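Structure first, commentary second.
The values are calculated or read from the model by the stated rules, or taken from the named source; none is laboratory data. In this text the structure is predicted, and so the values were computed from the model without any measurement. Neighbour counts run over all protein chains shown; Cβ positions are idealised from the backbone, glycine included.
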Amino acid sequence: MTKKRYLYTGILCSALFLGGCSALTNTNDEPNKEKEQNEEKQISNESLEDQYFKSVQDYTAEEYSLPNGSETDKIAEEHKEEVHKAVKAYFKANYKTDVKVHNIVGAVGGASVSVESIGKPHFYSYAIIPVDKQKGEVDPSGVWSQEGQVETAIVSGLYAWIFNDKFKKLDQYLNEKVNEYPIVGIPEEANQNGVGNYHTTPYYKVVIYGGTVEEKLLKPYLENPDRSKEEWAKMLESESINPARVGTLIQLYMEEPDVEPNSEIFDQIVNDLSTMEGLPVGKYSFLLHDNTIDKTRGQNTKGNTLERAAPNYIVKE
């Protein structure tokens with residue numbers, strides 16, 4: 001559960017608690033007053049919904065934010081060209097990878113910078129650039145990334161590229177379901193601006209959790225990333241891949257607002273994925289959300305999501 005969800009739930013609980021106290025202390029209120037209180041509570045809940053959530057089709061992650069980042073965000077944006085140059089240089093020097101910068105989001109002591117790899121392997125990631133609020137400056141020499149973050153993104157992108165033909169089967173199936181049912185994925189622009197991480201499409205995200213794939217691919221990539229798909233595939237062709245080390249998270253949303261996740265659609269997709277052959281090795285999760293997404297977190301954080309996930313994964317070996 002995200003911090004925003006805790007906040008959202010906490011505010012709602014507080015409103016309900018205060019309403020309960022009012023009912024206990026005003027036992028002689030007329031029915032019309034109770035009706036007014038219920039209407040006010042409904043309006044309050046609706047305003048909370050508008051404040052934190054929006055339709056996924058309209059979401060571009062421009063509202064994406066991190067705690068206590070308003071000041072550093074402004075400074076980083078004022079030094080936008082310097083930030084872009086520093087982050088691109090960081091990825092080139094440390095990972096021999098060319099990236100394009102999509103978004104800058106202020107954080108405590110710095111700014112998180114969302115990037116997308118250019119060419120193959122394809123992945124999204126981010127780096128942090130320090131920001132000095134006192135001086136109103138950024139520190140290009142201090143760019144850094146969280147341990148293992150970029151490495152996991154690289155390996156996840158390589159895995160998706162190596163098994164591109166098998167992932168195409170998943171892509172084709174999900175495209176068919178989106179055309180058949182009133183469901184949608186997340187806009188590509190939202191992925192670019194910070195929602196995307198590792199190898200991410202509008203429908204799913206692939207994450208490698210160490211194991212054989214990382215052991216066989218990461219070091220060669222850092223030594224020489226300019227290899228063909230066939231060369232990368234050869235490094236894994238005689239290896240046994242543990243499904244528990246490869247996660248594919250599929251997330252879809254209802255197309256229309258104010259509609260609960262449809263259990264029939266959910267069950268059909270779960271059944272199809274469970275019986276489908278020819279998918280890449282891995283553990284698969286599927287989440288079907290309503291039409292909304294938390295504007296500042298880039299996630300659906302409500303309790304009405306239908307899910308087939310840990311520990312009951314759909315496993316492909």
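Descriptive notes on the structure:
- Among the residues examined, Thr275 does not qualify as within 17 Å of the chain's Cα centre (by Cα) and either assigned by TED's automatic domain parsing to the domain that holds Glu176 or among the charged types (D, E, K, R) (or both).
- Selected residue [more than 22 Å from the chain's Cα centre (by Cα) and modelled with pLDDT of 50 or more] from Asn28, Asn32, Asn94, Asn68: Asn94
- Failed item in (1) within 25 Å of the chain's Cα centre (by Cα); (2) modelled with pLDDT of 95 or more, with Ala107 passing the rest: (2)
- Scanning region 140-164 for residues that are surrounded by fewer than 16 Cβ atoms within 10 Å (Cβ to Cβ) and outside any helix (DSSP H, G or I) yields a count of 4.
- Members of region 92-108 that are among the aliphatic types (A, V, I, L, M) and assigned to a loop (DSSP other than H, G, I, E, B): Val108
- Condition met for Val99 (touching a Lys or Arg at 6+ places or on another chain (Cβ under 7 Å), within 28 Å of Met235 (Cβ to Cβ) and crowded, with 21+ Cβ neighbours inside 10 Å): yes
- Residue count for region 75-96 under the criterion of being farther than 17 Å from Leu222 by Cα and either of a type in the set (S, T, N, Q) or surrounded by 15 or more Cβ atoms within 10 Å (Cβ to Cβ) (or both): the result is 8.
- Within region 116-151, the residues that satisfy the criterion of being charged (D, E, K, R) and touching a strand residue (DSSP E or B) at 6+ places or on another chain (Cβ under 7 Å) are Glu116, Asp139.
- Residue in region 265-279 that is assigned to a loop (DSSP other than H, G, I, E, B), out of contact with any helix residue (DSSP H, G or I) (no Cβ under 9 Å at 6 or more places or on another chain) and hydrophobic (A, V, I, L, M, F, W, C) present: no
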